[in-house]
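Report on one structure; see the data block that follows.
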Amino acid sequence: MHRKTVGGGHLYQGTYKSFPIEEDEHLLAVLRYVERNALRAGLVERAEDWRWSSLWRWRHPEVTEDVPPLTNWPVERPRQWLQRVNRPQSEAELDALHTSVQRGRPFGSAVWQAMTAQKLGLESTFQPRGRPRKRQ
């Protein structure tokens, strides 16, 4: 009997997330978070050592076998990016990122978030979850 192992079930639920991101320091915060994944998980001592990351690929452009090329970012990669990626992110930054991931809330400045939420119909991502409490 052949068992289907691709594309469904509880293993795949919640794997892929999306939320609008302002193309400024907020995008860099998300990119930094992603490129720190292996470091945060304790798999490497420095983020650029994780061979399956975009950061490793950026550091090794000469490697071409079985590795797709990287697309340019919509913002310029800052100088000292490696040092920045290898420094821990603040709890406030991580909390804001996690909220955007969990709720699909726009990630950016307060004004940009409000405009984007209204434009895309995401106002509910700023409301508390669940039913409102009944008034006594």
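The values are calculated or read from the model by the stated rules, or taken from the named source; none is laboratory data. All of these numbers come straight from a predicted model, not from anything done at the bench. Backbone-built Cβ (ideal geometry, glycine too); neighbour counts: all protein chains shown.
Worth a mention:
- Of all residues in segment 113-130, those that are farther than 19 Å from HIS26 by Cα have Cβ atoms under 7 Å from Cβ atoms of residues that are among the small types (Gly, Ala, Ser), 6 or more apart or on another chain, in GLU123/ALA117.
- In segment 1-40, residue modelled with the lowest pLDDT [restricted to those that are among the hydroxyl-bearing types (Ser, Thr, Tyr) and part of a loop (DSSP other than H, G, I, E, B)]: THR5
- Test: residue in segment 56-72 that is within 21 Å of TYR16 (Cα to Cα), surrounded by 13 or more Cβ atoms within 10 Å (Cβ to Cβ) and in contact (Cβ under 8 Å) with a residue 12 or more places away in the chain: no
- Residue list for segment 79-107, filter: at positive phi and in contact with a Pro (Cβ under 9 Å, 6 or more places away or on another chain): GLY104
- Residue in segment 99-108 that is under 20 Å from PRO20 (Cβ atoms) and exposed (fewer than 13 other Cβ atoms within 10 Å of the Cβ) present: no
- Summed over segment 59-93, the residues that are in contact with a helix residue (DSSP H, G or I) (Cβ under 8 Å, 6 or more places away or on another chain) and aromatic (Phe, Trp, Tyr) give a count of 1.
- Failed item, numbered, when ASP66 is tested on (1) under 17 Å from the mean Cα position of the chain (by Cα); (2) on the phi > 0 side of the Ramachandran plot: (1)
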